[in-house]
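I have placed the structure first, in the form of structure tokens, so that the comments after it can refer back to it.
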Amino acid sequence: MGKRRVDKAIKVATKAHEGQLRKSGDPYIVHPLAVMKILQDWHMDEDTIIAGVLHDTVEDTSLTLEDIKNEFGEGVAHLVDGVTKLSKARSGMRDIDTYLPQTRDNLLRLLIATGADIRVLIIKLADRLHNLRTLSALPPDKQKKIAKETLEVFAPLADRLNMGRLRVEMSDVAFSYVDPKRYNELKDLLEERNRSAEKTLKKIQEEISELLTREKIKFELSGRIKSIYSLHKKLAKYDQNIDAIYDLTALRIIVDDITTCYLVLGLIHSLYTPMSGRIKDYIAMPKQNGYQSLHTTVITKDKKIIEFQIRTKEMHEYAEHGLAASFYYNEQKITENYRTGKIQHLPMNLLWITELQQAAAQLRAGKKVNLDKLKLNLFADKIFVYTPKGDIVDLPQGSLPLDFAYRLHSEIGGHVTGVKINGKMSNLNTKLKHGDVVEILTSKTQTAKSSWFDKIITPHARNKLRQQLGRASEVIPKMTPPKNKK
Ligand code: MN
């Protein structure tokens, strides 16, 4: 049954895309089929796989949503519709620098528009992964644009869904286009380090294998390769000092159950000296995205520093495939629940997805939603505030009313006389909070003041204000001595 539905989808998509070519010169159908393959590798459910095959048909061919509904049912149509909406919402983009911050704003709206089904985002991620893998066929300016967007939007999204393998591939490929020189430098550096650590690593692997075998523990031991992009980011944090990075070489030990994880941790510490403050119990306290593992950094007898990651098979599968893995474990019985937003089985740490879906449903029904209560982990460093008309604006935490005003429009920012927050007159020094409704009061006669620099935290607002003050000073008669800043 299942195979026949997928085969039928392939036939329909092949016919629909007939005559269309990719930039590489390949027939277009190569792309949807590759997306299908990726979704199969992630063990996604059948509706998602079929929607992957059909994901570009409604936008790019004469096939309609109605056709898909008739042929493949409501579930598939719903997913294809979500993917189509997602790309429509992004298609207004002109230049990347104005588009990117907007996308980050829009991501919540996109999630709300499509997020009643997180599988839409998973299809989008598979779509992006294949486009990245074939990026070399595009002209350089497009390559940069797509790569940059991937680093800013899609790789973080993969991380939030704990799709570790996807995050690493996406960010490394994208980074190689955004900054090829740096990418190659770091790649060489990492290779060189790994080569010189090879001998030590082999010795440690032997010691550990011997120890665990003696204790009759079943285990898998492998080296973990650090992603180039995460090395790049870490180096920036540590003043480019590669010796301050302790997880350059890491070994991963996969065992059968949680008790054994702790046992192995103890055994490693009996063999090597643990570095203080570097034992992390992500089993008892998982990361926000649900990642679980024990981490410890130790110093070996030859004074080498090495990190160990210890986890069960399930944890490992989950760290590699994240949300997609939970589909695998729960098979298709929960598909319907995903569609209707009744997700019960997600790990505690991914409950934000459920919350988001519930919020989305309420927003669509015209109800007010308390964003304060929503754990918007996807945007942990952001707050979302509303205009009186209900438009959502995202700002960095700690933003002030003038940041909001300049974000709406520099002309609004330049004429602010006051602000109402949640209907109450408030001070321009008031920090905005999640879910605030912010109304900016303006007057044509009011102009920008240099004292506003103290009431602004975002670079965007600061730049606009600087421009406006610069413009104002041009009309000041030359005779007037320059004023001191207040
Ligand atoms: Mn596509």
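Of note:
- Any hit, region 98-116, residues being within 14 Å of the ligand (Cβ to nearest atom) and either at pLDDT 90 or above or not in a loop (DSSP other than H, G, I, E, B) (or both): no
- Checking 170, 163 one by one, the residue that is crowded, with 16+ Cβ neighbours inside 10 Å, farther than 16 Å from residue 51 by Cα and modelled with pLDDT under 90 is 163 and no other.
- Selection within region 400-448 - farther than 13 Å from residue 386 by Cβ, among the aliphatic types (A, V, I, L, M) and in a helix (DSSP H, G or I): 402, 405, 412
- The conditions of being within 16 Å of the ligand (Cβ to nearest atom), open to solvent by 40 Å² or more (accessible area, probe 1.4 Å) and either within 22 Å of the chain's Cα centre (by Cα) or at negative phi (or both) are met by residue 59.
- Failed item, numbered, when residue 318 is tested on (1) part of a helix (DSSP H, G or I); (2) more than 23 Å from the chain's Cα centre (by Cα): (2)
- Cβ separations smaller than 6 Å between residues 6+ apart or across chains give the following pairs from region 26-42 residues that are open to solvent by 30 Å² or more (accessible area, probe 1.4 Å) to residues that are within 11 Å of the ligand (Cβ to nearest atom): 28/17; 28/22.
- Residues within region 1-23 that are open to solvent by 60 Å² or more (accessible area, probe 1.4 Å) and either away from the ligand (no atom under 16 Å from the Cβ) or touching a residue at least 24 places away in the same chain (Cβ under 8 Å) (or both), tallied: 10
- Top-ranked residue in region 46-56 [being open to solvent by less than 10 Å² (accessible area, probe 1.4 Å) and of a type outside the set (Ser, Thr, Tyr); ranked as nearest to the ligand (Cβ to nearest atom)]: 55
- Verdict on residue 77 being more than 11 Å from the ligand (Cβ to nearest atom), in contact (Cβ under 8 Å) with a residue 60 or more places away in the chain and open to solvent by less than 10 Å² (accessible area, probe 1.4 Å): no
- From the options 246, 291, 318, 282, residue that is closer than 30 Å to residue 129 by Cα and open to solvent by 50 Å² or more (accessible area, probe 1.4 Å): 246
- Residues in region 431-452 that are under 19 Å from residue 383 (Cα atoms) and in contact with an Asp or Glu (Cβ under 9 Å, 6 or more places away or on another chain) were compared, and the one that is modelled with the lowest pLDDT is 435.
- Residue check, residue 122 within 16 Å of the ligand (Cβ to nearest atom) and either assigned to a loop (DSSP other than H, G, I, E, B) or at pLDDT below 95 (or both): yes
- Cβ-Cβ contacts under 8 Å between residues 6 or more apart (or on different chains), taken from a first residue in region 251-270 that is assigned to a loop (DSSP other than H, G, I, E, B) to a second residue that is open to solvent by less than 30 Å² (accessible area, probe 1.4 Å), are listed as 256/312; 257/312.
- Filter result for residue 192 (surrounded by fewer than 22 Cβ atoms within 10 Å (Cβ to Cβ), at negative phi and at pLDDT 85 or above): yes
The values are calculated or read from the model by the stated rules, or taken from the named source; none is laboratory data. Keep in mind the model is a prediction, meaning the values are calculated, not measured. Counting neighbours? That spans all protein chains shown, and the Cβs are built from the backbone with ideal geometry, glycine included. Please note that ligands, DNA and RNA were not included when accessible areas were found on the heavy atoms of the full protein model with its side chains. Shrake-Rupley method; radii C 1.70, N 1.55, O 1.52, S 1.80 Å.
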